[in-house]
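Shown next, in structure tokens, is the structure this report addresses.
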Amino acid sequence: MQSGNSLSLNGSLADKQIALGVTGSIAAIRVVDLVRDLARSGAEIHCIMTHAACQIIHPYALEYATTYPVITEITGRIEHVEFCGICGRADLLLIAPATANTIGKMAVGIDDTPVTTFATTALGSNKPVVVVPAMHEAMYNHPAVVKNIQMLRNMGVTVIDPRIEEGKAKIASSQNIILEVERLLGPRDLVGRKILVTSGSTAERIDPIRVLTNRASGKTGVEIAKEVYRRGAETTIVHRFLQDLPFCQIFAESAQEMLHAVLTELNKGYDAFISAAAISDYTLDASHEKIKSGQDLVLKLKPTKKIMKSVRSAYPDMRIVGFKAETFVSEEELIKRATESMKNSNLDIVVANDVGVDGMGTDENRVFIIDRERRKIHATGKKNLIARSIVDALVQIL
């Protein structure tokens with residue numbers, strides 16, 4: 001690591017070409033937003049549509065979104081070979097949404113639409129293929145559809161599970177679709193690694209209604225977990241703000257619950273622990289009943305157990321990344337305190353920031369990433385870019 005490095009503004013899919021197959025599910029109306037999100041990540045997208053898809057969304061909409069003509073039939077240009085042949089232009093074939101009809105045809109090698117022809121060509125060329133089912137729940141549960149999806153997985157196809165809501169197997173979120181694409185096309189420098197991340201604030205019960213907590217939003221921890229996932233790691237996050245994420249989440253509210261969850265999970269065999277949570281320093285014995293309002297209240301606080309020290313004691317060889325937050329101190333003092341924290345908790349990397357200035361609950365941050373050799377990176381910007389720089393530092397020591 002070198003001092004003063006700035007973070008790259010290149011998207012995670014910069015210079016990648018994606019062939020996007022669209023089939024005749026009503027979820028096709030979501031594809032314009034998906035295209036825009038892929039483009040924001042730096043990808044170049046070329047769309048292929050079935051006749052049924054064209055009856056739901058006009059090809060002009062996707063031509064406008066991608067800036068490229070939409071392929072609605074295979075012509076003498078042999079578009080399927082141009083993009084998905086052995087030396088084809090596309091880095092990946094993404095089929096979103098994928099109907100039961102298209103999934104069944106892909107499973108048995110039927111090519112009677114432009115999308116299924118692209119699929120057969122991509123699979124025969126060993127190109128990455130991602131399928132995003134969207135249909136009614138009853139169709140999704142049909143034994144033949146279940147079997148066909150498993151057949152695709154056996155062929156090496158990545159199938160992104162839908163969200164089951166209101167009797168429908170709804171198309172996965174654009175965030176999760178893009179994460180899977182990034183996972184397939186990214187550096188994959190954490191493949192075979194297991195990484196545990198903690199995130200956000202904890203909350204200590206005062207009574208059944210009230211809690212003591214802090215202002216941490218959990219945005220940094222979630223971005224770190226997403227970054228290690230997109231780079232191929234088996235990822236688990238422990239936090240109390242559960243959300244739509246494509247990897248394992250464990251709920252923990254209090255500092256004690258988080259400590260128990262972390263130690264229990266690490267016992268399953270992990271390569272690294274990233275403690276990004278703002279864990280309560282104090283707890284108390286909670287009242288079993290609601291405390292009446294309108295009266296003076298004295299709370300007797302007691303210190304919580306330090307998670308990073310507990311983890312280091314239990315797992316002396318674990319790679320650990322810790323965070324050190326301070327308020328309104330000089331850069332020199334911030335780095336000094338972070339280095340002391342690293343020494344006291346025997347950390348491999350510490351991430352320091354002054355939350356009195358910014359960072360807590362915001363979308364951007366300024367941090368120093370310091371390793372055992374006291375080398376440091378000064379990283380600023382969006383929290384997803386901060387996360388990338390933190391994970392870059394972790395990769396170097398794994």
Checklist entry - With respect to I78, is the statement that it is modelled with pLDDT of 95 or more, over 28 Å from the mean Cα position of the chain (by Cα) and over 22 Å from I29 (Cβ atoms) true? => result yes
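What do you reckon, is M342 in contact with a Lys or Arg (Cβ under 6 Å, 6 or more places away or on another chain) and either closer than 21 Å to F273 by Cβ or not in a strand (DSSP E or B) (or both)? Don't jump to the end; show me each part of the working.
Details: in contact with a Lys or Arg (Cβ under 6 Å, 6 or more places away or on another chain): no; either closer than 21 Å to F273 by Cβ or not in a strand (DSSP E or B) (or both): yes.
Against the criterion (in contact with a Lys or Arg (Cβ under 6 Å, 6 or more places away or on another chain) and either closer than 21 Å to F273 by Cβ or not in a strand (DSSP E or B) (or both)), M342 does not qualify.
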Checklist entry - Is it the case that segment 277-293 has a residue that's closer than 27 Å to E180 by Cα, without any contact (Cβ under 8 Å) to a residue 24 or more places away in the chain, assigned to a loop (DSSP other than H, G, I, E, B) and out of contact with any helix residue (DSSP H, G or I) (no Cβ under 6 Å at 6 or more places or on another chain)? => result no
Checklist entry - Just wondering, is there one or more residues in segment 184-207 that are at pLDDT below 95, more than 13 Å from the chain's Cα centre (by Cα), buried (at least 22 other Cβ atoms within 10 Å of the Cβ) and assigned by TED's automatic domain parsing to the domain that holds K290? => result no
Checklist outcome for this item: Residues of segment 29-49 being surrounded by 22 or more Cβ atoms within 10 Å (Cβ to Cβ) and closer than 12 Å to S12 by Cα, in sequence order, are L38, A43
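Among the listed residues I110, I149, I95, which satisfies the condition of being buried (at least 24 other Cβ atoms within 10 Å of the Cβ) and at negative phi?
Numbers: I110 fails: buried (at least 24 other Cβ atoms within 10 Å of the Cβ); I149 fails: buried (at least 24 other Cβ atoms within 10 Å of the Cβ).
It is I95.
Can you give me the number of residues within segment 298-339 that are in a loop (DSSP other than H, G, I, E, B) and within 17 Å of V355 (Cβ to Cβ)?
The initial filter retains those residues of segment 298-339 that are in a loop (DSSP other than H, G, I, E, B), namely 298-301, 304-306, 315-318, 327-330.
Narrowing the set further to residues that are within 17 Å of V355 (Cβ to Cβ) leaves 327-330.
Number of matching residues: 4.
Being part of a strand (DSSP E or B), surrounded by fewer than 20 Cβ atoms within 10 Å (Cβ to Cβ) and without any contact (Cβ under 8 Å) to a residue 60 or more places away in the chain is the filter here, so list the residues in segment 369-398 that pass it. Can you show your working first?
If we filter segment 369-398 for residues that are part of a strand (DSSP E or B), which is where we start, we get 369-371, 376-382.
Those still in the list that are surrounded by fewer than 20 Cβ atoms within 10 Å (Cβ to Cβ) too: 371, 378, 380-382.
K382, the sole residue that qualifies.
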Next on the checklist: Yes or no: segment 248-257 includes at least one residue that is of a type in the set (D, E), within 11 Å of the chain's Cα centre (by Cα) and in a helix (DSSP H, G or I).
Outcome noted: no
Checklist entry - Which of the residues spanning segment 50-71 are farther than 12 Å from A19 by Cβ, buried (at least 17 other Cβ atoms within 10 Å of the Cβ) and in contact with a helix residue (DSSP H, G or I) (Cβ under 7 Å, 6 or more places away or on another chain)? => result T50, A53, I56, I57, L62, A65
Checklist entry - Taking segment 215-238 only, how many residues are modelled with pLDDT under 95 and either surrounded by fewer than 17 Cβ atoms within 10 Å (Cβ to Cβ) or within 11 Å of the chain's Cα centre (by Cα) (or both)? => result 1
Next on the checklist: Given the criteria assigned by TED's automatic domain parsing to the domain that holds K309 and within 17 Å of the chain's Cα centre (by Cα), does S275 qualify?
Outcome noted: yes
Checklist outcome for this item: Residue set G11, G21; condition surrounded by 15 or more Cβ atoms within 10 Å (Cβ to Cβ) and either among the basic types (K, R) or modelled with pLDDT under 95 (or both); output residue G11
Item to check | Test set (1) surrounded by fewer than 16 Cβ atoms within 10 Å (Cβ to Cβ); (2) in contact (Cβ under 8 Å) with a residue 12 or more places away in the chain - S330 fails condition number | outcome: (2)
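Residues are listed down the side, and each one gets a yes or a no for (1) surrounded by fewer than 17 Cβ atoms within 10 Å (Cβ to Cβ); (2) farther than 23 Å from M360 by Cβ:
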site	(1), (2)
S254	no, no
K268	yes, yes
I274	no, no
T283	no, no
S287	yes, yes
G294	yes, yes
P303	yes, no
I307	no, no
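Here are V191, V197, V181: which of them is touching a helix residue (DSSP H, G or I) at 6+ places or on another chain (Cβ under 6 Å) and either touching a residue at least 40 places away in the same chain (Cβ under 8 Å) or assigned to a loop (DSSP other than H, G, I, E, B) (or both)? Steps first, please.
On the way: V191 fails: touching a helix residue (DSSP H, G or I) at 6+ places or on another chain (Cβ under 6 Å); V181 fails: touching a helix residue (DSSP H, G or I) at 6+ places or on another chain (Cβ under 6 Å).
After applying the criteria, what remains is V197.
Would you say A169 is part of a strand (DSSP E or B) and either over 19 Å from S25 (Cβ atoms) or in contact (Cβ under 8 Å) with a residue 12 or more places away in the chain (or both)? Even if it seems obvious, please write down each step before you answer.
Numbers: part of a strand (DSSP E or B): yes; either over 19 Å from S25 (Cβ atoms) or in contact (Cβ under 8 Å) with a residue 12 or more places away in the chain (or both): yes.
Yes, satisfied.
The values are calculated or read from the model by the stated rules, or taken from the named source; none is laboratory data. This structure is a prediction, so every number in the text was calculated from the model and none was measured. Glycine also receives a Cβ, built like all others from the backbone with ideal geometry; neighbour counts cover every protein chain displayed.
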